[in-house]
Amino acid sequence: MLQPKAGADMTDEAATASAPQRDNIPTLMALGVVAYVGETLLHEAVGHGGMCLASGYRVTAIAPLWMHCSTTTALVNLMGPGANLIGAVVYGLILRLAPPRSDTLRLFVWLGFAFNGLVAAGYMGVGGLTGFGDWPVVLAGVAPLWLARVGLVVVGVGLYIVVLRLAGGLLSRAAVRGALTDRRLRRLVLSPTLGAAIAALGAEVYGQGGRPLGLALAAGCTLVVGFSLTSLPTVKAETVTGFRIGFSLMWVVLAVVVGAAFVLGVGPGYELAGLGG
């Protein structure tokens with residue numbers, strides 16, 4: 001009778017779980033492109049643009065980092081980051097209550113949560129610190145303004161930490177459904193944010209001439225988010241999961257189409273000829 005070699009009694013399931021998982025980089029980058037463009041359009045088109053139209057004003061143009069409404073109001077400005085926060089909640093609820101069966105789709109939903117939540121929180125902190133963007137308009141008339149801006153920074157930083165913690169829990173319990181090594185965690189978050197950064201920086205360089213402020217904001221909405229996610233402590237371990245991102249032609253093609261339309265169409269500032277009342 002043949003004797004099994006040492007370790008040969010390992011089950012097929014255990015052997016599969018112990019084997020290193022090879023995630024497809026182009027597919028991961030594609031997920032990042034689509035998630036980032038979705039987050040940006042949710043902010044500018046749905047948030048700002050939707051409230052502009054709902055208020056009876058006209059949307060005249062939209063670009064990756066701004067939207068022109070015929071009238072500027074606190075509510076129109078508030079609904080940009082507000083739409084991102086609502087989007088993060090929706091993505092989070094999907095992962096908790098009805099997670100997709102596909103590994104790739106679950107990771108995309110998780111990226112949607114992370115991009116929307118972290119960008120909204122970071123934008124809040126940056127707005128309070130520098131006086132740039134939507135929040136100073138929202139706070140106009142508040143006295144003393146310096147105290148309101150300090151409070152905005154504190155809330156923004158606190159919210160950023162909360163979103164990071166929630167992202168860690170959602171990743172390990174709902175998206176990946178297991179633990180990750182540090183190396184694999186970096187691959188799963190930095191590859192998508194690299195794809196997102198290419199789209200974001202490409203739109204700024206092609207459409208807006210590569211202004212330093214625009215490039216800094218584009219990098220902040222993508223690369224800074226990615227490096228923040230590499231710090232997630234709740235998903236780091238030396239065990240692995242059966243979760244795997246294989247090559248998906250559908251996602252790659254979708255990312256090319258969405259990314260090209262975003263860079264070439266929205267990047268320069270898409271004129272809407274006074275859409276609305």
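The values are calculated or read from the model by the stated rules, or taken from the named source; none is laboratory data. This structure is a prediction, so every number in the text was calculated from the model and none was measured. Methodologically, a virtual Cβ is constructed for each residue, glycine included, from the backbone with ideal geometry; neighbour enumeration extends over all protein chains shown. The area values use the complete protein model at the heavy-atom level, side chains included, leaving out ligands, DNA and RNA. Shrake-Rupley method; radii C 1.70, N 1.55, O 1.52, S 1.80 Å.
For the chain, the mean residue ellipticity at 222 nm estimated from helices alone is -20000 deg cm²/dmol, where every DSSP H run of n ≥ 4 contributes -39500 (n - 2.57) and the total is divided by all residues, rounded to the nearest 500.
Applying a 4.7 Å cutoff between beta carbons, the unpaired cysteines of the chain are Cys221.
Over all Cα atoms in the chain, the spread is summed up by Rg and Dmax: 21.0, 87 Å.
Against the chain, whose longest principal axis is taken from its Cα atoms, helix 145-170 shows a tilt of about 20°.
The simple Förster model, with R0 at 35 Å and r as the Cβ-Cβ distance, assigns Val205 and Leu93 a FRET efficiency of 0.45. Exactly which chymotrypsin sites (Phe, Trp or Tyr not before Pro) in the stretch 84-192 are in a DSSP loop and have at most 15 other Cβ atoms within 10 Å? Loop-located and lightly packed - Phe132. Rounded to the nearest 10 degrees, the inclination of helix 182-208 to the longest alpha-carbon principal axis of the chain is 30 degrees. Straightening the chain between Arg186 and Arg173 buys 2.9 nm, computed as 0.36 nm per residue apart minus the Cα-Cα spacing.
How much of the accessible area of the chain, probe 1.4 Å, is carbon plus sulfur, in whole percent?
C and S fraction of accessible area: 68 percent.
Exposed loop positions in the chain were taken to be trypsin sites (Lys or Arg not before Pro) whose DSSP state is not H, G, I, E or B and which have at most 16 other beta-carbon atoms within 10 angstrom. Between these positions, the longest stretch is 23-100.
Per residue, how many Å² of accessible area does the chain show with a 1.4 Å probe?
Result: 49 Å² per residue.
Placing +1 on the Cβ of every Lys and Arg and -1 on the Cβ of every Asp and Glu, with no other charges, gives the chain a dipole of roughly 400 debye about its Cα centre.
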